[in-house]
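Below is one structure; the comments refer to it alone.
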Amino acid sequence: VEKWQDDFFESFEETPLLVAILTYLGYGLLVIVGQIRDLMRAYGIEKDKSCTEPKIEGFVPLYQSWESFYTRNVYRRIRDCWNRVVASVPGTHITILDRHSRDHGWTFKLTGKKLNAMNFGSYNYLGFAENTGPCADHVEKTTKQYGVGVCATRQELGYLDIHRELDELVAEYLGVEAAITVPMGFATNSMNMPALVSQGCLILSDELNHASLILGSRLTGAVIRTFKHNDMADLEKKLRDAVCHGQPRTHRPWKKILIVVEGVYSMEGSIVRLPDVLRLKKKYKAYVYLDEAHSIGAIGPHGKGVVDYFGLDPQDVDIMMGTFTKSFGSMGGYIGGSKALINHLRANAHSFIYSTAMSPPAAQQVISTMRIIMGKDGTQEGLRRIRQLAWNTRYFRKRLHEKGYILYGNKDSPVVPLLLYMPSKVPSFSRETLKRGLAVVVVGFPATPLIETRARFCLSAAHTKEMLDEALHIIDDVGTLIKLQYSSLPVPDFSEKDIQLIE
């Protein structure tokens, strides 16, 4: 057994049978009630406030009624749990504008009240989403010098010296030969992947990959096959079959085989088994595309993502992708790799050629935060935040395990999903926690499997121990109220005491 496996712990407790049955019954009841309500709307007994398309003779309807059934009859009734209006930076505390609906979620009006709540829902992993401090000062200076936008693509008049500085700093940070940056994180995947593989290629994609990776894979024209989440035996079987049998019908060898994985999975909180992925990549002569949107800056002893977490060589990962929208408190994304790869993308990637170059203030925010993380500011502030996040993650997870909740994910993942299961408990948890001063994200179908609805906490280095304790108290208070202690497994053996904090 390799050394990393000794310390690798992930929790994916199975859904208790009784909970699964009750959850399906709950959704069954919602469907029955929804069908009755739709029937009442069809006969004018109940007013239909939804947007309906006009029935034009000779035209096929654009939308089938069933396609919006879930949105109309389930999501709409608890819509107050999402799309909340935030009127502050996404720091440790956020200001939420209170709103009220008089028609059961069809429309909302602001009441004029403001709610101040602890923020456990934003991807502000290192606490850099601030409007004060050195980063904000640098951004202000850059805004005065360059303005807020360049109004052109990099290929025309939008390439500034600050973009060059950003590209070079990202490459140095990742430990690769070169890097390019683009102004949108989603497009970093969806618009760059078609420049890497095409027809005659095979993409092996983790079944839980993000929507941007799924869209990017489909746009390539390559054959896509999914493998079970983090299941190396299933991945190897599909790699072996691909090498042995080649393309369908012709059985010619695949032009390329690309393994697509994420560093930290944003809905499961799990960490990719990267050493095993790289071992299989070398064994079967494939390529690896690593999406580090949620892992870059957030894990690893130096905050350099999952490659740093396992102590691997960045040169072994063919395409390193990540975003600036989480740990760096900015916008956009990057791809790092060999000079040949980056030069190819500069000439062929749609997100690089056709999109307007990144806003200078956004680029400066990344440069400032990255320099702090790397220690180039002459302080240990970056290292302090990295270790504080790691400590917060383990402390928070361990206490929730002790209280009997079912959590998903890795012990070192700052994304902490807590399973709610039943549809009625989703709005209850969201509303009750907000009422007590804790803002959290709840997630349900179709973003998760039908019976695996969850609350997802995102930890930050800016959270103090007192905040964590208060949040844990609120969660346990609500969890006891709506009965969420489903776990039957023993408390896992890990501790935050292994992490040395910097004062």
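The values are calculated or read from the model by the stated rules, or taken from the named source; none is laboratory data. Treat the numbers as computed from the prediction; the structure is a model and nothing was measured. Note that we place each Cβ from the backbone using ideal geometry, even for glycine, and neighbour counts take in every protein chain shown. When the accessible area is computed, the model is the full protein with side chains, heavy atoms only, and any ligands, DNA or RNA have been set aside. Shrake-Rupley method; radii C 1.70, N 1.55, O 1.52, S 1.80 Å.
Listing for the model above:
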quantity: Of all residues in segment 464-503 being among the aliphatic types (A, V, I, L, M) and in a loop (DSSP other than H, G, I, E, B), the one that is farthest from G404 (Cα to Cα); calculated: I502
quantity: Top-ranked residue of segment 125-139 - restricted to ones that are assigned to a helix (DSSP H, G or I) and in contact (Cβ under 8 Å) with a residue 12 or more places away in the chain, ranked as least open to solvent (accessible area, probe 1.4 Å); calculated: C135
quantity: Some residue of segment 485-501 being surrounded by fewer than 18 Cβ atoms within 10 Å (Cβ to Cβ), at pLDDT 95 or above, more than 18 Å from the chain's Cα centre (by Cα) and charged (D, E, K, R); calculated: no
quantity: Close pairs (6 angstrom Cβ cut-off, 6 or more residues apart or separate chains): without any contact (Cβ under 8 Å) to a residue 60 or more places away in the chain and among the aliphatic types (A, V, I, L, M) in segment 271-298, assigned to a helix (DSSP H, G or I) and open to solvent by 10 Å² or more (accessible area, probe 1.4 Å) anywhere; calculated: L274/F310; L278/D316; L280/E236; V288/K281
quantity: Residue selected from segment 208-228 under the condition of a type in the set (V, I, T) and touching a Lys or Arg at 6+ places or on another chain (Cβ under 9 Å), by the criterion farthest from A195 (Cα to Cα); calculated: T226
quantity: Pair list, Cβ < 7 Å and 6+ apart or interchain, from segment 173-185 residues that are on the phi > 0 side of the Ramachandran plot and open to solvent by less than 20 Å² (accessible area, probe 1.4 Å) to residues that are assigned to a loop (DSSP other than H, G, I, E, B) and of a type in the set (V, I, T); calculated: none
quantity: Residue within segment 229-239 that is open to solvent by 70 Å² or more (accessible area, probe 1.4 Å) and either under 17 Å from A286 (Cβ atoms) or over 21 Å from the mean Cα position of the chain (by Cα) (or both) present; calculated: yes
quantity: Residues of segment 260-278 satisfying the condition of being open to solvent by 10 Å² or more (accessible area, probe 1.4 Å) and either of a type in the set (S, T, Y) or within 16 Å of F396 (Cβ to Cβ) (or both); calculated: S266
quantity: Top-ranked residue of segment 287-340 - restricted to ones that are among the hydroxyl-bearing types (S, T, Y) and part of a loop (DSSP other than H, G, I, E, B), ranked as farthest from S88 (Cα to Cα); calculated: S338
quantity: Conditions (1) within 22 Å of N230 (Cα to Cα); (2) surrounded by fewer than 22 Cβ atoms within 10 Å (Cβ to Cβ): number failed by D412; calculated: (2)
quantity: Condition met for A471 (aliphatic (A, V, I, L, M), open to solvent by 10 Å² or more (accessible area, probe 1.4 Å) and either modelled with pLDDT of 95 or more or closer than 22 Å to N124 by Cα (or both)); calculated: no
quantity: Looking only at segment 81-124, and only at residues there that are on the phi > 0 side of the Ramachandran plot and assigned to a loop (DSSP other than H, G, I, E, B), the one that is modelled with the lowest pLDDT; calculated: H104
quantity: Test: residue in segment 392-408 that is open to solvent by less than 10 Å² (accessible area, probe 1.4 Å), touching a Gly at 6+ places or on another chain (Cβ under 8 Å) and more than 28 Å from L22 (Cβ to Cβ); calculated: no
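This table checks each residue for (1) of a type in the set (G, A, S); (2) touching a residue at least 12 places away in the same chain (Cβ under 8 Å); (3) under 29 Å from K255 (Cβ atoms).
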residue: Y146; (1), (2), (3): no, yes, no
residue: G149; (1), (2), (3): yes, yes, no
residue: T153; (1), (2), (3): no, yes, no
residue: L160; (1), (2), (3): no, yes, no
residue: R164; (1), (2), (3): no, no, no
residue: E168; (1), (2), (3): no, no, no
residue: T188; (1), (2), (3): no, yes, yes
residue: A195; (1), (2), (3): yes, yes, yes
